[in-house]
1. Cut-off under 18 Å on the C-alpha distance; same-chain residues fewer than 8 positions from Lys288 excluded. Which aspartates and glutamates are left, in chain and number order?
2. Please calculate the 1.4 Å probe accessible area of His207, with all protein chains present, and give it to the nearest 10 Å².
3. Quick one: which of Lys98/Lys282; Lys130/Lys205; Lys244/Lys284; Lys205/Lys279 span more than 23 angstrom between C-alpha atoms?
4. How much accessible area does Asp251 have with a 1.4 Å probe, in Å² rounded to the nearest 10?
5. At 1.4 Å probe size, what's the solvent-accessible area of Glu272? Round to the nearest 10 Å².
6. Take the alpha carbon gyration tensor of segment 149-303, find the square roots of its eigenvalues, order them as a ≥ b ≥ c, and report rounded if a/c is under 1.5; if not, report prolate when a/b exceeds b/c, else oblate.
7. For segment 177-190, what does the Karplus curve 6.51 cos²θ - 1.76 cosθ + 1.60, with θ = phi - 60°, yield as ³J(HN,Hα) per residue in whole Hz, taken in order and with x for Gly and Pro?
Amino acid sequence: MNRKRNLSFIQKVKQKLVSPTAWLALVVFSILLVTGTTIASSLAQNPAKGVGNASTQAYSGFKGKIGRTLAESKPWWTPQPPSVLANKSLASSGTAPKGAPNIIVFLIDDLGFSDLGPYGSEISTPNIDKLAAKGLRFSNFTTHQLCSPTRASLLTGLNAHSAGVGWVAEGNPGFPGYAGEIQSNVVTLAEILRSNGYSTLLTGKWHLTQTYDRTATASLNSWPLQRGFEHFFGFLDGLEHPQKPHILYEDNTPISVDRYPENFLTTDYWTEKAIALLKQAKTKSKDKPFFLYFVQQCCSFTV
């Protein structure tokens, strides 16, 4: 019985395929399939040709080859340009509209929604609860389960690979999507706000600079001040000792500390520096709005 049913079904399919309309649809589908495959293959080998496409913008000027697998790909490293230090006049290049809001982005590594009161945490967070009650709560932000990619997406609004940071900033395999530093042709939120009359401040963890660029003698192009921040106090690495940091940075200058005071904790230190920078900015221009990127490492590297 099943065999007869199967034969009957096959005969019906054959009858449908005999019609001119069915054959025309099949031919058109085949042409589209071949054309689409050819275009996809071409873009895979020459992604820079996708002009205007956000997914290929990061590969503009790339002289290597992107194949379907790593074995079929060929890396190419962009020549490192000389450091171009931030233009201090950029801070006053624009004027913020009247009533422009102050903005604080408070980023904490390895902190989940369930660790905050507004999202049902068992931990008491009364001050955060008050902020949430007066604002909006979001629940669909793409974190990348990694430090650097999440930061890149947050500061650029792009997929981390399009920004050039598809992996942590601890190695550069020679492909633009994994350069480990925000690409020079990608604009950051700090750059946009600063050019529009905002004070832009950062305290805490950066982690968007490759290991080989974290010295004063290397390229500073990926350091915070060159990516739109007016002032920076914190560290460039992926993690730092919370009580005895081996090196800190103020703007473009590394700072070495021989001895830290008793009970020193970076969580408190970043907070104190953030308050100090805000006071400094408001003293300089009380009507100027600010963007504070306040980044803690307390959950990522605990005491």
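The values are calculated or read from the model by the stated rules, or taken from the named source; none is laboratory data. Just so you know, these numbers come straight off a predicted model, no measurement behind them. The area values use the complete protein model at the heavy-atom level, side chains included, leaving out ligands, DNA and RNA. Shrake-Rupley method; radii C 1.70, N 1.55, O 1.52, S 1.80 Å.
1. Those aspartates and glutamates meeting the cut-off are Glu191, Glu230.
2. 10
3. Listed pairs above 23 Å: Lys130/Lys205; Lys244/Lys284.
4. Roll a 1.4 Å probe over it and Asp251 shows about 40 Å².
5. Surface open to solvent at Glu272 totals about 110 Å².
6. Details: a/c = 1.82, a/b = 1.13, b/c = 1.61.
In terms of gyration-tensor shape, oblate.
7. For segment 177-190, the Karplus-derived couplings read x, 10, 5, x, 9, 4, 4, 5, 8, 10, 9, 9, 4, 4 Hz, x marking Gly and Pro.
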